[in-house]
Amino acid sequence: MPSAILGYISVIDAMNRFIGRIAMYLIFVLIAVLLWSSVSKVFLTPTMWTLETAQFVMVAYFVLGGPYSIQMGSNVRMDLFYGDWSPKTKAWVDAFTVFFLIFYLGVLLYGGLVSTAYSLGYFGDEPFHFFLNLVVTFFTEGPEAAADTFGFLERSPTAWRPWLWPIKVVLCLGVLLMILQSLAEFFRDIGRLRGVLD
């Protein structure tokens with residue numbers, strides 16, 4: 001296999017391992033938020049922010065841990081026949097079925113980008129043009145000019161009313177990392193079939 005592909009596999013694996021190992025500690029943040037929610041409801045005035053914060057932390061936990069889960073092979077799969085197959089047959093099937101996963105993640109990423117653009121105040125039908133313009137404006141004119149391209153920032157319709165763009169950005173980042181990890185797994189399966197990787 002070309003060294004560029006082997007380098008891609010090792011870089012993506014290292015990056016997603018690092019992010020996944022950090023993301024797994026978000027479970028303790030989630031526990032702390034839910035514990036505070038319980039304590040405040042019993043002994044103090046109930047807080048408005050705990051439910052949505054717990055939801056946002058849970059999304060970040062699952063989405064940022066997803067690529068690491070794919071890398072470790074701990075994602076859920078139908079093991080009725082798969083467990084009895086040889087490593088080469090598993091590599092063949094995985095190399096084929098990963099395209100269904102990549103297609104699904106691509107659709108999910110597109111929807112996430114459209115939703116993120118909407119949450120930043122863009123109501124048109126070309127979200128990629130909006131993000132390209134945002135990046136170009138940021139690097140040519142600075143952060144303040146880029147912030148001026150935002151419209152009305154979407155907020156949650158609850159009493160706390162947090163902005164929704166931060167969690168939508170995290171969702172898009174996590175899905176992008178899953179696509180990159182899925183491609184790395186595809187290359188790894190090709191390497192197994194060629195006898196280069198084990």
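The values are calculated or read from the model by the stated rules, or taken from the named source; none is laboratory data. Worth saying up front: this structure is predicted, and the values here are computed from it rather than measured. A quick note on method: Cβ atoms are made from the backbone with ideal geometry, for glycine too, and the neighbour counts reach across all protein chains shown. Protein only, heavy atoms only, side chains kept; ligands, DNA and RNA dropped before computing areas. Shrake-Rupley method; radii C 1.70, N 1.55, O 1.52, S 1.80 Å.
Residues are listed down the side, and each one gets a yes or a no for (1) closer than 23 Å to residue 188 by Cβ; (2) of a type in the set (Lys, Arg); (3) touching a His at 6+ places or on another chain (Cβ under 6 Å):
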{"position": "26", "(1), (2), (3)": "no, no, no"}
{"position": "48", "(1), (2), (3)": "no, no, no"}
{"position": "68", "(1), (2), (3)": "yes, no, no"}
{"position": "90", "(1), (2), (3)": "yes, yes, no"}
{"position": "96", "(1), (2), (3)": "yes, no, no"}
Any residue at all in segment 3-13 that is open to solvent by less than 70 Å² (accessible area, probe 1.4 Å), among the aliphatic types (A, V, I, L, M), within 22 Å of the chain's Cα centre (by Cα) and at pLDDT 95 or above? yes
Going residue by residue through segment 172-190, is there one that turns out to be surrounded by fewer than 18 Cβ atoms within 10 Å (Cβ to Cβ) and polar (S, T, N, Q)? no
In segment 118-150, which residues are part of a helix (DSSP H, G or I) and either in contact with a Pro (Cβ under 7 Å, 6 or more places away or on another chain) or open to solvent by less than 60 Å² (accessible area, probe 1.4 Å) (or both)? 119, 127, 130, 131, 134, 137, 145, 146, 147
Of the residues in segment 60-114, those that are open to solvent by 40 Å² or more (accessible area, probe 1.4 Å) and among the polar types (S, T, N, Q) come to 74, 75, 86, 89, 97
Odd one out for residue 38, checked against (1) among the hydroxyl-bearing types (Ser, Thr, Tyr); (2) modelled with pLDDT under 90; (3) open to solvent by 60 Å² or more (accessible area, probe 1.4 Å): (2)
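Only one of these is over 30 Å from residue 54 (Cα atoms), aliphatic (A, V, I, L, M), in a loop (DSSP other than H, G, I, E, B) and open to solvent by 30 Å² or more (accessible area, probe 1.4 Å): 197, 153. Name it. Give the steps one after another, and end with the answer.
Values: 153 fails: over 30 Å from residue 54 (Cα atoms).
Sole residue among the options that is over 30 Å from residue 54 (Cα atoms), aliphatic (A, V, I, L, M), in a loop (DSSP other than H, G, I, E, B) and open to solvent by 30 Å² or more (accessible area, probe 1.4 Å): 197.
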Go through (1) assigned to a helix (DSSP H, G or I); (2) more than 22 Å from residue 6 (Cα to Cα); (3) in contact (Cβ under 8 Å) with a residue 40 or more places away in the chain for residue 111 and report which single condition fails. (3)
